[in-house]
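This report refers to the structure that appears directly beneath it.
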Amino acid sequence: MDTVCSLCGTRAEGSTLLWATERDERGRESRLCPDCAREHVRDIEARLSTEWW
Ligand SMILES: [Zn+2]
């Protein structure tokens, strides 16, 4: 089965070890390529820090 990034549509070539698995509020899984996963983490951290302050 192909692994496709849910954000940019990149198709995994070979290993998906670096790919992130996200679960949305409905419990659906989506995959993020390493690049998007990095961006996504940054988004979450930014959101957390704004909520925190
Ligand atoms: Zn991506």
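Read-outs: derived from the displayed coordinates by stated rules, not from any lab. Not measured: the values here are computed from a predicted model. Reconstructed Cβ throughout: ideal geometry from the backbone, glycine too, with neighbour counts over all protein chains shown.
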Query raised in the report: So what is the calculated 222 nm ellipticity per residue for the chain, using -39500 (n - 2.57) for each DSSP H run with n of 4 or more, over all residues, to the nearest 500 deg cm²/dmol?
Result: -12000 deg cm²/dmol
Requested in this report: Kindly state, as a whole number, the per residue volume in cubic angstrom of the convex hull around the alpha carbon atoms of the chain.
Outcome: 85
Query raised in the report: Roughly what angle does helix 34-52 make with the longest principal axis of the chain, taking Cα atoms, 0 to 90 degrees, to the nearest 10?
Result: 20
Requested in this report: Quickly work out the residue 15-to-residue 48 label distance, labels modelled 7 Å from Cα along the C-beta direction, and quote it in nm with one decimal.
Outcome: 2.6
Query - Contact order relative to length of the chain, as percent, for alpha carbon pairs under 8 angstrom and 6 or more apart - result: 29
**Report entry** Ranked packing of 18-28, 3-13, most packed first, by mean Cβ within 10 Å
**Finding:** 3-13, 18-28
